[in-house]
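Working notes for the structure below.
The values are calculated or read from the model by the stated rules, or taken from the named source; none is laboratory data. Treat the numbers as computed from the prediction; the structure is a model and nothing was measured. Cβ: placed from backbone, ideal geometry, glycine included. Neighbour counts: every protein chain shown.
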Amino acid sequence: MTDWQPTAPIENLRRRGEILAQIRQFFARRDVLEVDVPLMSHCAVSDPFIDSIEVAYRAFPEAAAETLYLQTSPEYALKRLLCAGSGPVYQLGKAFRNGESGRRHNPEFTMLEWYRPGLDEQQLMDEVAELVMPILAVDKVERLSYQQVFERYLGLNPHTTSLEALKTETRRHVELAMDDDDRDSWLNLLMSHVIEPQLAELRAVFVCDYPASQAALAQVREDASGRLVATRFELFVNGIELANGYYELTDAVEQARRLAADQRQRAELGLPQRPLETRLVDALAAGMPDCAGVALGVDRLVMLALGAEHIDQVIALPFERA
């Protein structure tokens, strides 16, 4: 039996440790505070497309179990700290997501997430680039809008193309039986199956100005053509999604509306109704500074830095050996 052994070579683990130290040094130089928020919460993520892992807590062995949720991201907790006056903060630690296991996924993974009061998403892209370029030996990171990548690789405008045309284009590239009338479902398929692999030709690229319907927890603004877009970006390196950032929503009323909308969508999809993080709404009502924030997958960063093909090559003991 060899399943006691790590899947990652020890040399890869040494390099991983060096990258983690490099990340901490990067933020120390910028006076960004490292914090350590709970891994368990009484509330779960609202996003219908992310599934929280449930854990059972008992005050004593015979007590009735109380359901808690492993964090899928430290976002809600970090924003509560921002509202309490923490200033710029980051967490480098574990996050957990149900059902995510594969070549680039592990249910337990390492996430770097940070928030910068006073910066917008464009300025935060600058900082993300400053962090990752030395680690990945990249000399430049391009910037393209969501519309530009759709026009470049598919020859269509994602904002104005009809739903039927999106369905037709998707079925040209992907075999599937679904017939969803949600535009974003088709846009997401085209992005993940057709566009993202081709982004590898650019080596490293930020894609920004996503459709307003994909804002998640980002603000929405008008672009140069007067169209509403999300102040959101994603970083792709070698066609792999590495980071997802926002110019953060600070409006408590809008935050409550989006949480409720997510909950309704979960119900429509037959997904579990889990407790919403209303403490975030209360925190925003108390006041959160204008800021930008980003989450970055550290395991993928190490994979890219080492030229690894599988996440098991950069994690000591992945899910199957945990």
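Side notes on the structure shown:
- Taken together, the residues in the stretch 192-214 that are crowded, with 17+ Cβ neighbours inside 10 Å and touching a residue at least 40 places away in the same chain (Cβ under 8 Å) amount to 13.
- Here Met191, Met111, Met125 are screened, and the one residue that is over 22 Å from Pro48 (Cα atoms) and either within 21 Å of the chain's Cα centre (by Cα) or part of a helix (DSSP H, G or I) (or both) is Met125.
- For the stretch 1-35, a residue qualifies if it is closer than 17 Å to Asp299 by Cβ and assigned to a loop (DSSP other than H, G, I, E, B), and the qualifying residues are Pro6, Thr7, Ala8, Pro9.
- Entry remark, the stretch 145-158: residues being touching a residue at least 60 places away in the same chain (Cβ under 8 Å) and either small (Gly, Ala, Ser) or surrounded by fewer than 19 Cβ atoms within 10 Å (Cβ to Cβ) (or both) number 1 in total.
- Number of the condition not met by Glu66 [criteria: (1) closer than 16 Å to Tyr246 by Cα; (2) of a type in the set (Asp, Glu); (3) out of contact with any helix residue (DSSP H, G or I) (no Cβ under 8 Å at 6 or more places or on another chain)]: (1)
- Residue check for Lys79: assigned to a helix (DSSP H, G or I) and either touching a residue at least 12 places away in the same chain (Cβ under 8 Å) or more than 27 Å from Gln214 (Cβ to Cβ) (or both): yes
- Ser73 meets all of the listed conditions (1) of a type in the set (S, T, N, Q); (2) modelled with pLDDT under 95; (3) surrounded by 17 or more Cβ atoms within 10 Å (Cβ to Cβ) but one, namely (2).
- In the stretch 239-298, residue surrounded by the fewest Cβ atoms within 10 Å (Cβ to Cβ) [restricted to those that are outside any helix (DSSP H, G or I), within 15 Å of the chain's Cα centre (by Cα) and β-branched (Val, Ile, Thr)]: Ile240
- Checking each residue in the stretch 288-302 for being in contact with a strand residue (DSSP E or B) (Cβ under 8 Å, 6 or more places away or on another chain) and under 14 Å from Ala137 (Cβ atoms) picks out only Leu301.
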